[in-house]
Structures are given as structure tokens and as C-alpha cells.
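> Sharing a structure here in C-alpha cells format.
The values are calculated or read from the model by the stated rules, or taken from the named source; none is laboratory data. Note that the structure is a prediction, hence the values are computed from the model and not measured. Cβ placement follows ideal geometry from the backbone for every residue including glycine, while neighbour counts extend to all protein chains displayed. Note: areas computed on protein heavy atoms with side chains; ligands, DNA, RNA excluded. Shrake-Rupley method; radii C 1.70, N 1.55, O 1.52, S 1.80 Å.
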Amino acid sequence: MASTVPAFTLHHLNMAASACLRTMNLFPKTLHFLSYRQISLFNSEVIPIHRSYVHLRKPYMKYSSTSTAPNDQPAADKANNGEGEQLKSEASPREKELLLEKEKLLEDVKNLNDKYKRALADNENIRTRMRREINDAKQYGIQGFVKDLVEVADVLGKATESVPKEALNSGSSHLKSLFEGLQMTEAQLLSVFKRHGVAQVNPIGEKFNPNLHEALFEQVDESKEPGTVGTVTKVGYKLHDRVVRPAMVGVVKAK
């Protein structure tokens, strides 16, 4: 005789089977969700995390077990330096080659910078020297011409000194006109000298200066101090601050 199952029992078994099937369908989705989310046990905070690990963060802790507090910063720096040295030691041959090339390039840059600064200094020195030479050329370019022209001034001076005053007072108009013409020529020549920076050096009664004077002889003169210029046989000339010709003088000597 076959056994019979009550209808209500079959109904409940069907409901239980359907519930199990729904639970099995939701389980993979639940695992997938949990692999990307972290559910805090304290405030139900949902935080995205990587599926390869689960990291539980406690809201009441400022630093995790792997983080470093500010007081431990020197120790962390030492650890980082040690890790850097270890990475450097474990660098591949290609990385070592690149590091050596970098150091070489830095050294080249340093050398080029030094050469550049030296070149700038040399150029500045050249410009300064060229400016000084140009100024010297402008000021002393006529030195040779002046040295020859002062001989003409000497001749004019000798010509005016050689005319006796008695002959000028005798009433000869031609001689007087010639003398005045020589004086005017000499004065005009000295004016041209002055305009171009040429000055006479007539050191009568001054202290003897070997840079400006040339001693030809010594003389005894009680009215003047020893070592001073007693006689000037030929005046000297200067072009600006450079001696064109020293004055030819006689120096007073001591008794």
C-alpha cells in the first residue's frame, strides 16, 4: 500500500526549496560586493578597498599599526634612507648606467658653467682694456707730433729772446713789426698747445723732480735752497699727465 504525503507538507517543502535557491543565487553577489567594500563594525561606514586584501580601519585610532607618528619621524627617515640605499644597491645594471651618466652630465654642466663665467670675465677685461687703450689713443695719439712741434716753439722763443730791447726802442718800425709778429706766432702756438692738452714745464725755483726735469749741471747759488732748480736752459712739455720732453735744468748744490 503506497504512502501518501499531506498536501500542506508538499506546499511547505516547495517554499523551503525556493528560499534555498534564492539564497544560493544571492551568495555570489554578496561575496562580490564584500570583496570591494569594507563594512565598519562601529559606525557601519562603507569604504572602497582592493579585493586582494581586507583592511579594517578603526575610526577612533589616528594612526594604524603600519603608520608612523610624528615623534617617530627621524626613525622613519632612517628607515627610508636605508630602503633607498638598499634599492640603490639592488638597482639593475641599466639603472646603474643611467645614474653614472647622470653624474657625468652634472659634472659636465658644472665645468661648462665655470668656463662660461671665465669667458664672461675675460670678455669684460678685454672690453675694459680696449676702452682704456682707446682713451689713451685719443689723448696721446698726437704725442709724436707734439714732440716734433715743441722744437718749433723753442725756435720761436729763441728768436724773440735774441732781439735786443735797445733795437726795439731805436724806432725801427720793421724790426718792431717783425718782433711783434714772432710774439703773436709764439702766443698762438702756445694757445693751440693748451687747447690740445699740451702745457709748458718751466720749473725755475721749484724742487728738482727727476720725473719732470733732467739735470744738466750743478751750480752754486746762495740765494736759493740746495736741491732746487736754479737755471732752465730748455723748458719742458707735458701732454695731459704724460711728459713729452723733460725740462733741461741746472740744480743748485749745497756748499
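> Would you mind checking the pairs K138/K238; K165/K234; K138/K207; K176/K224; K147/K253 and listing those with alpha carbons more than 27 angstrom apart?
In this structure, K138/K207; K176/K224; K147/K253 lie more than 27 Å apart at Cα.
> Now a separate question. Which ³J(HN,Hα) values, rounded to whole Hz and listed in residue order, are derived for segment 221-234 from phi using the Karplus coefficients 6.51, -1.76 and 1.60 in 6.51 cos²θ - 1.76 cosθ + 1.60 with θ = phi - 60°, glycine and proline given as x?
So the J values, rounded to whole Hz, are 8, 5, 7, 10, 6, x, x, 9, 7, x, 9, 10, 7, 8.
> Work out from phi, with θ = phi - 60° and the Karplus expression 6.51 cos²θ - 1.76 cosθ + 1.60, the ³J(HN,Hα) of each residue of segment 142-151, listed in order in whole Hz, and give x for Gly and Pro.
Per residue, the Karplus-derived 3J(HN,Hα) values read 9, 4, x, 5, 5, 4, 6, 6, 5, 5 Hz.
> Continuing with the same structure: Taking amide H positions as placed 1.01 Å from N in the peptide plane, with prolines and chain starts having none, which residues 5 or more places from V232, or on another chain, fall under 5 Å of its amide H?
For V232, whose amide H was placed from the backbone, the distant partners under 5 Å are G250.
> May I ask you to list the trypsin sites (Lys or Arg not before Pro) in segment 176-237 that are in a DSSP loop and have at most 16 other Cβ atoms within 10 Å of their Cβ?
Sites meeting the loop and neighbour criteria: K224.
> Ok, one more. Return the sequence-ordered ³J(HN,Hα) values of segment 131-136 in whole Hz as given by the Karplus equation 6.51 cos²θ - 1.76 cosθ + 1.60 applied to θ = phi - 60°, using x for Gly and Pro.
Along segment 131-136, the couplings run 4, 5, 5, 5, 5, 5 Hz.
> Could you provide, to the nearest whole Å², the per residue accessible area of segment 118-173 with probe 1.4 Å?
Working: 4210 Å² over 56 residues.
With the other protein chains kept in place, segment 118-173 gives 75 Å² per residue.
> Right, another one. Quick query: amide H of R245 versus all other amide H atoms, modeled in the peptide plane; which residues come in under 5 Å with a sequence gap of 5 or more or a different chain?
Residues meeting the criterion, in which the H sits 1.01 Å from N, are Y237.
> In addition: Find how much the distance from E97 to E206 grows on full extension, using 0.36 nm per residue of separation minus their present alpha carbon separation; answer in nm with one decimal.
Stretched fully, the E97-E206 segment lengthens by 31.2 nm.
> Can you send over the carbon and sulfur percentage of the accessible area for segment 117-254, probe radius 1.4 Å, protein chains only? Could the numbers behind the result be given before it?
On the way: 5010 of 9270 Å².
Carbon and sulfur: 54 percent of the exposed surface of segment 117-254.
> At what distance in nm do the modelled label points of V155 and S18 sit from each other, each positioned 7 Å from its Cα along Cα→Cβ?
Calculated label separation equals 14.7 nm.
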